[in-house]
Amino acid sequence: MSLEGPPVEADFNDHNESFLVTLEYYLVYDKILTYACKHVDAWSNALEPILIQNEAIRKCWSRVKVKTRLFSSLKSREEMIRRPSPDEKGWILRCYCGDITEDIQLKQCSECQVVRYCSKRCQRDAWYNYHRWSCKFLKAAVGSSTPHHVKRSLCLLSGLEDYMVSRMRGDIESQILTARSKYPQDQDRLVVKVTINEGEVSVRPLRDYLFLFSGLSENEVVDRLSSWPDPRGHLQRSFFCSVIAITDRYSSQQILFSPRTALDMETVPTLSRNRRCE
């Protein structure tokens, strides 16, 4: 979906429903959501004559507006928690040492390709303090190809995951009971998959998602997650961990490790320490 050109001049009379359906699917990406937030009022004015006549477009536009505002609120809350470093292209996850190095000069972790550091010393200190736990899982949270638009959307995806898990807790617990009977040997290693766009959940064993973890064995994934201090109790639940799925309008799915857990592994220990020092 192209983001070029002045949106207020878009001709909604041609292919307007197709445009709105596509927009609704891609609101899970930070760049698309930011664009939609900026122009939602102009689009409302442009669509007003059409909405009176076309019920299908009116319903679709109503969903887009609700999601735009909800997703924007969830993203803002996550960004306040994570304290990311903003730049003109969005936000980056960087070291919290207090150095004022400009973002363009920061060096990226070569493994996860998510976190940036102001110096080799800062990177080494972060590794021994917490990044050794989070690195592989941040990589799993953005995908093996580390697409730029997913890295920039981690705060948004974390907020969406948290919202969906809370909203669908009853359905999740019901499916976990079923999965425990279906996979008796995996009762302590059940993974909840949250399909963000569709609002659906499913539960399967961890072994079905090992492809996310860059060659780690099932026991290695369990050991690394279990070694993490887990300050917010992510592993003290009725399921072992969660993954998210992003579905596009053509039903193609991208599955990622929990952005919420991966970001907590990276940011919560540091932020907690900083708060104690304030």
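Since every read-out is calculated from the coordinates, none of them should be taken as a lab result. Keep in mind that this is a model prediction, so the values were computed, not measured. As a convention, Cβ positions derive from the backbone with ideal geometry for all residues, glycine included, and neighbour counts pool all protein chains shown.
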Interatomic Cα distance distribution for region 171-261, bins of 5 angstrom, percent: 3, 13, 23, 25, 21, 11, 3, 1
What is the Rg over Rh value, at two decimals, for region 112-214, using alpha-carbon atoms and the Kirkwood definition of Rh? 1.05
What does the charge count near residue 205 come to, summing +1 for each Lys or Arg and -1 for each Asp or Glu among other residues with Cβ under 14 Å from its Cβ? +2
Kindly provide the pair-distance distribution of region 16-80 built from C-alpha pairs, with 10 Å bins from 0 and whole-percent values in order of increasing distance. 21, 55, 20, 4, 0
